[in-house]
1. Has the range 102-112 got at least one residue that is surrounded by fewer than 23 Cβ atoms within 10 Å (Cβ to Cβ), within 15 Å of the ligand (Cβ to nearest atom) and under 25 Å from N170 (Cβ atoms)?
2. Might you let me know whether the range 31-54 holds any residue that is open to solvent by 10 Å² or more (accessible area, probe 1.4 Å), assigned to a loop (DSSP other than H, G, I, E, B), touching a His at 6+ places or on another chain (Cβ under 9 Å) and within 9 Å of the ligand (Cβ to nearest atom)?
3. In the range 273-310, which residues are farther than 30 Å from G122 by Cβ and open to solvent by less than 50 Å² (accessible area, probe 1.4 Å)?
4. Among residues belonging to the range 319-329 that are open to solvent by 80 Å² or more (accessible area, probe 1.4 Å) and assigned to a helix (DSSP H, G or I), point out the one that is modelled with the highest pLDDT.
5. Please verify whether the range 151-167 includes one or more residues that are surrounded by fewer than 24 Cβ atoms within 10 Å (Cβ to Cβ), among the acidic types (D, E) and either in contact with a helix residue (DSSP H, G or I) (Cβ under 9 Å, 6 or more places away or on another chain) or more than 27 Å from M1 (Cα to Cα) (or both).
6. When you scan the range 58-69, how many residues do you find that are part of a helix (DSSP H, G or I) and open to solvent by 30 Å² or more (accessible area, probe 1.4 Å)?
7. Mind counting the residues in the range 52-68 that are free of Cβ contacts under 8 Å to residues at least 40 places away in the same chain and not acidic (D, E)?
8. Consider G99 against the criteria (1) within 13 Å of the ligand (Cβ to nearest atom); (2) over 30 Å from D216 (Cα atoms); (3) surrounded by 18 or more Cβ atoms within 10 Å (Cβ to Cβ): it satisfies all of them except one. Which criterion is unmet?
Amino acid sequence: MTVMVTGGAGYIGSHMVLRLCDAGEDVVVFDDLSTGRRSLVSADAAFMEGSLGDTEAVAKCIRDHEVKEILHFAGSIVVPESVADPLKYYGNNTCVSRGLIEVAVTEGVKRFIFSSTAAIYGSVGSAPVSEAAATLPLSPYGRSKLMTEWMLRDVAQATSLKYGVFRYFNVAGADPLGRSGHSSPEATHLIKVACNAALGQRDHVAVYGSDFDTPDGTGVRDYIHVSDLVDAHALLLNDLRQRCESVTMNCGYGVGTSVREVIEMVKEVSGVDFEVREASRREGDPASVIADVSRLRASLPWAPQHNRLRDMIQSAYDWEVKMAAESEG
Ligand SMILES: NC(=O)c1ccc[n+]([C@@H]2O[C@H](COP(=O)([O-])OP(=O)(O)OC[C@H]3O[C@@H](n4cnc5c(N)ncnc54)[C@H](O)[C@@H]3O)[C@@H](O)[C@H]2O)c1
């Protein structure tokens, strides 16, 4: 029995593949390398290069590898790009997921775990947001992911497919053994951007909004280390194998950290006092987004190992240093 990881050459998917291979699972990665990198894929996993839009190739891969479980990480993930080019997002996130779910059902796949996002909630207050909150996404990205959640829910009602949906908050950090990390040069994630500034790869870091109703005026987010995130997936997969109960869960720590706190920690870890510029708020950016993680805590025996801000930033910084050394050498 093989686990298929879509998007397994990307940031989070490659960490998932390492986690599964470390546990001795058979894994096949399906990725078109549009933003992923072949070099991030564990040598212990099989690799199939192709677009998930090619449903015949996906079906063949499922049959050839006797896939019974799919972990679906592949997708397009840049919120402002989704506003400028919504059809790309409805195509690559919603339509491609629809095709993948259909092939999964036809080919007898039993379990399906999907990477959703806190962006499906839309405007939230400063209190932690639970899964019961209204889902009113502010962007085509959020809507494209929410529609996939709906499809999974409906298909699970109508077939024997069981699903797990994780709504990620802000994913950060890198593999503590230095085998993978955030590698897309276009990434806009704050921790990566600040590490790049510390290494002189950017001339400054912009703070979008310092007049929010938060303790220091900057936006507050719930950062989760990628290794703890993929551990939660491994536990959920195990739970689905045993209990066969579909579930939708937030995945964060339930702790808020401000933009300014992140920047100060990157400066401390790197020892570099890079330039920070104040900029106006970005449209649709909420003041604070923090997960209520009661359901995750109650459902899975999850014990985060990397939930200190310093650990997250140190591992992200170490990865950037390694990539910079590799591109120089
Ligand atoms: N990074 C975050 O903070 C975050 C937060 C919330 C949700 N997510 C979700 O997690 C998932 C993974 O995100 P990531 O940060 O690893 O992104 P990423 O861009 O690093 O990885 C996406 C991977 O999918 C592949 N891919 C994209 N479209 C494909 C297609 N049609 N066929 C085959 N492969 C395709 C890319 O080549 C890449 O390897 C995404 O679904 C994203 O929406 C990420």
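The values are calculated or read from the model by the stated rules, or taken from the named source; none is laboratory data. Remember, it's a predicted structure, so these values are computed and weren't measured experimentally. Positions of Cβ are backbone-derived with ideal geometry, glycine not excepted, and every protein chain shown enters the neighbour counts. These accessible areas exclude ligands, DNA and RNA; they are computed on the full protein's heavy atoms, side chains included. Shrake-Rupley method; radii C 1.70, N 1.55, O 1.52, S 1.80 Å.
1. No, every residue in the range 102-112 fails to be surrounded by fewer than 23 Cβ atoms within 10 Å (Cβ to Cβ), within 15 Å of the ligand (Cβ to nearest atom) and under 25 Å from N170 (Cβ atoms).
2. Yes - at least one qualifying residue is present in the range 31-54.
3. Going residue by residue through the range 273-310, those that are farther than 30 Å from G122 by Cβ are 273-275, 301, 303, 305, 310.
The one that is farther than 30 Å from G122 by Cβ and open to solvent by less than 50 Å² (accessible area, probe 1.4 Å): F274.
4. First, the residues of the range 319-329 that are open to solvent by 80 Å² or more (accessible area, probe 1.4 Å): 322, 326-329.
Add one more test, that the residue is assigned to a helix (DSSP H, G or I), and what stays is 322, 326-328.
Working: K322: 94, E326: 87, S327: 82, E328: 78.
Only one residue tops the list, namely K322.
5. No, the range 151-167 has no match at all.
6. As a first pass, look at the range 58-69 and keep what is part of a helix (DSSP H, G or I): 58-65.
When the remaining residues are screened for being open to solvent by 30 Å² or more (accessible area, probe 1.4 Å), the result is 60, 63-65.
Qualifying residue count for the region: 4.
7. Let us first name the residues in the range 52-68 that are free of Cβ contacts under 8 Å to residues at least 40 places away in the same chain, namely 54, 56-57, 60, 64.
From what's left, not acidic (D, E): 57, 60.
So the answer is 2.
8. Tallying (1) within 13 Å of the ligand (Cβ to nearest atom); (2) over 30 Å from D216 (Cα atoms); (3) surrounded by 18 or more Cβ atoms within 10 Å (Cβ to Cβ), G99 fails exactly one: (3).
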